[in-house]
Amino acid sequence: MRITPAVPADLPQLVAFRTEAASWLSKLGSDQWRRPYPAARLLATIEAGEVFMLRDGQRTAGTITLTAEAEDGLWSADELSEPSMFVNKLTVSRQYAGQELGGRLLDWAGDRAYRSSAKWLRLDAWTTNDALQRYYLRQSFEHVRTVREGNAVNGGPRVSGWLAQRPARPADHGFTDEAPSPQRIQS
């Protein structure tokens, strides 16, 4: 399998992944990703070079977004002073479930973060999705805190405020990496 940067033509696949994941999560009793994610925002992250696709021949097995930009209101000023990369929208097609691809994508992201001079690989997870939080803990992330204050959209409780991090580190993820070399993070 190989990792490539996403291109605008991948947008329908990304929307389909999110729809598939939301349906699966709903069956598990989670409200995660029930609201559709704006396609224009997905396209902007593709165009910014932050979205990566895991390809298995002509099929797409998964996706991960990796950015140096933190979501507003989650991380403290001290934390933001440390060079970090942030994982978002990690999704593996249900057809590929049970193959440890999510963990390998996280290892790839940690390796890429390390090569960009980041100290940390960080993420925020759905606040009410305990199973997802346990998954990240099994992937060597450490829980930092849970932010429950209102979000910018409607002033209600933050839905994705479970914060975790692990050191950025080299990893043998086993994928063919066709993404351009990461740029060094500016401290």
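Worth a mention:
- The residues L105, L11, L137, when put in order of fewest to most other Cβ atoms within 10 Å, stand as L137, L11, L105.
- Mean Cβ neighbour count within 10 Å, used as a protection proxy, ranking 118-127, 164-173 highest first: 118-127, 164-173
- Around the amide H of A6, modelled in the peptide plane, lie the amide H atoms of V51, F52, M53, all under 5 Å away and 5 or more residues distant in sequence or on another chain.
- Per residue, the Cα convex hull of segment 2-121 amounts to 118 Å³.
- Residue exposure sequence - M1, M85, M53 - by fewest surrounding Cβ within 10 Å: M1, M53, M85
Readers should treat all values here as calculations from the given coordinates under stated rules, not as data from a laboratory. The model shown is predicted, which means the values in this text are computed figures rather than measured ones. Neighbour counts are summed over all protein chains in view; Cβ atoms, including those assigned to glycine, are modelled from backbone coordinates with ideal geometry.
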